[in-house]
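Asks: Below are the structure tokens for one structure; questions will follow.
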Amino acid sequence: MRFSAHHRKKMGELFGVEGFAKTEKCNVCGGTYFERMLPSADNKDLYFIRCRRCNAITYNLVPTAEIQKKIYENYDYWGDAEGGQYTFSGEDRFAKHLYAILPVSRDAGTIRILDFGGGDGSLAKAFAENHLNSGIDADIEIDVVDYGDNICPDSGRMRFRKTFPISSLEDGRMYDIIIASAVMEHLDNPGEAFRILFAHLKKSGSVYFRTPYMYPLYSLMRRFGVNMDMEWPDHIWDMGKEFWEGLPGIPGIGEGLKCVLSRPSIVEKTLKSDFGVAAASHIMKAPWHLFHGWPYVGGWECVYVKE
Ligand SMILES: [Zn+2]
């Protein structure tokens with residue numbers, strides 16, 4: 001789902017300005033001290049803020065939880081062709097990428113996977129197929145947390161279930177692998193989601209996150225007079241290296257997690273599907289591989305393992 005100026009106009013018609021609440025505390029870590037950053041180029045009342053405690057970047061104004069719920073309930077209203085389905089171009093490519101970086105015990109009798117924001121489960125299915133094709137002797141249970149009823153049918157050794165919202169996860173149901181790709185940036189309360197996800201992660205289990213990390217690039221482009229669309233208010237969080245590497249140290253959220261991978265995220269578009277976007281992404285991310293302080297990468301991914 002992309003929120004363009006067109007979407008924002010529709011949101012204004014639906015909910016009015018009262019649909020937005022002032023950010024008083026950080027809904028990741030509970031911190032109340034923010035660094036004020038750039039204002040939006042086209043709305044002087046809206047500006048970026050960075051939580052001084054956890055380094056999450058958000059806005060001074062965000063949609064209320066109630067409005068977010070209405071947005072999801074009125075999903076069809078936006079008329080997006082994508083319709084809540086998975087938007088990564090090349091599911092198999094992404095599934096292989098995840099297979100390469102997410103460790104799982106080789107002797108697992110049943111591998112249980114949770115895909116948070118996983119649409120109809122087809123990414124998790126492609127990911128699981130990599131395991132089955134490797135010859136591992138395991139049944140695979142895939143739980144998807146997402147709105148809507150679409151879910152892949154059971155097939156072979158794979159079984160699928162769907163639930164929503166995240167707080168509806170069954171108590172005590174534990175996962176070997178959790179995938180949360182391009183979902184945290186949408187949430188009113190990522191802190192609650194983090195706590196629930198980590199509580200459902202088995203010991204030695206791994207969790208993958210991918211989020212936008214656009215602010216450094218956005219602020220650089222502003223200096224050149226270019227106003228990038230940050231997709232506010234669809235995206236209300238920007239989470240990069242400092243955030244992801246620091247989260248395990250935040251009391252009450254990240255205890256017992258070890259960050260085993262933290263780097264610019266896999267390029268979302270393929271050169272074949274969208275040459276311009278893919279080429280630009282590769283070019284922006286390339287210097288990071290030579291010079292790790294380079295922040296102009298557009299997106300970040302990380303893997304934690306529970307110790
Ligand atoms: Zn915070």
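The values are calculated or read from the model by the stated rules, or taken from the named source; none is laboratory data. For clarity, every value in this text was computed on a predicted model and none was experimentally measured. So basically every Cβ, Gly included, is an ideal-geometry build from the backbone, and we count neighbours across all protein chains shown. We work out accessible area using only protein heavy atoms, side chains counted, and drop any ligands, DNA or RNA first. Shrake-Rupley method; radii C 1.70, N 1.55, O 1.52, S 1.80 Å.
Asks: For residues that are in contact (Cβ under 8 Å) with a residue 40 or more places away in the chain and either open to solvent by 20 Å² or more (accessible area, probe 1.4 Å) or among the aromatic types (Phe, Trp, Tyr) (or both), tally how many sit in region 167-191.
Replies: 9
Asks: Checking the conditions here, which among Ala56, Ala65, Ala95, Ala100 is under 20 Å from Pro190 (Cβ atoms), modelled with pLDDT of 90 or more and of a type in the set (Gly, Ala, Ser)? Reasoning before the result, please.
Replies: Numbers: Ala65 fails: modelled with pLDDT of 90 or more; Ala95 fails: under 20 Å from Pro190 (Cβ atoms); Ala100 fails: under 20 Å from Pro190 (Cβ atoms).
Being under 20 Å from Pro190 (Cβ atoms), modelled with pLDDT of 90 or more and of a type in the set (Gly, Ala, Ser) holds for just one of Ala56, Ala65, Ala95, Ala100, which is Ala56.
Asks: Would you be able to tell me the number of residues in region 141-159 that are more than 21 Å from Phe209 (Cα to Cα) and open to solvent by less than 30 Å² (accessible area, probe 1.4 Å)?
Replies: The total comes to 2.
Asks: Tell me, which strands (runs of 3 or more DSSP E) lie completely within region 108-206 with 2 or more residues that are within 27 Å of Ala56 (Cα to Cα)?
Replies: Counting at least 2 such residues, we get 110-116, 139-145, 175-181.
Asks: Out of the residues in region 34-52 that are farther than 22 Å from Asp229 by Cβ and over 20 Å from the mean Cα position of the chain (by Cα), which is least open to solvent (accessible area, probe 1.4 Å)? Step through it out loud before you land on a result.
Replies: Going through region 34-52, the residues farther than 22 Å from Asp229 by Cβ turn out to be 34-35, 51-52.
Next cut, over 20 Å from the mean Cα position of the chain (by Cα) only: 34-35, 52.
Values: Phe34: 47, Glu35: 66, Arg52: 156 Å².
Checked region 34-52; the qualifying residue least open to solvent (accessible area, probe 1.4 Å) is Phe34.
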